[in-house]
């Protein structure tokens with residue numbers, strides 16, 4: 001995993017609290033989280049996916065990054 005730039009760290013700090021309970025509040029929050037993960041990890045998940053495995057990858061990936069950069 002590559003290091004995040006300042007804008008990505010800021011975006012992570014905004015989106016993580018919106019999904020930290022394991023569920024996005026709405027489709028926009030889910031799409032933003034997936035878009036950020038796609039950019040960081042180089043994946044190509046569809047922004048409207050409902051694939052549990054894909055969403056789990058996004059969630060746990062962003063969780064790990066949040067813990068690394070904010071704790």
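So if each residue of separation counts as 0.36 nm, and I subtract the Cα-Cα distance between residue 6 and residue 51, what length gain in nm does that give?
Details: separation 45, 0.36 × 45 = 16.20 nm, distance 2.96 nm.
Answer, rounded to one decimal: 13.2 nm.
Would you calculate a helix-derived [θ] at 222 nm for the chain, using -39,500 (n - 2.57) for each DSSP H run of n ≥ 4 and dividing by the full residue count, to the nearest 500?
Using -39500 (n - 2.57) per qualifying helix, the result is -22500 deg cm²/dmol.
Rounded to whole Å and sorted largest first, what semi-axes of the equivalent ellipsoid does the C-alpha gyration tensor of the stretch 6-70 yield via the square root of 5 times each eigenvalue? Could you put the intermediate results ahead of the total?
Values: eigenvalues 55, 32, 24 Å².
Values for the stretch 6-70, descending: 17, 13, 11 Å.
Can you tell me, using C-alpha contacts under 8 Å and at least 6 residues apart, the relative contact order of the chain as a whole percent?
So the answer I get is 35 percent.
Extending each Cα 7 Å along its Cβ direction at residue 70 and residue 23, get the distance between those two points in nm, one decimal.
Distance between the two pseudo-spin positions: 2.0 nm.
The numbers here are math on the coordinates, done by the rules we state, and not lab data. Please read all numbers here as calculations on a predicted model, not as lab measurements. All Cβ positions, glycine included, derive from the backbone under ideal geometry; neighbour counts span all protein chains shown.
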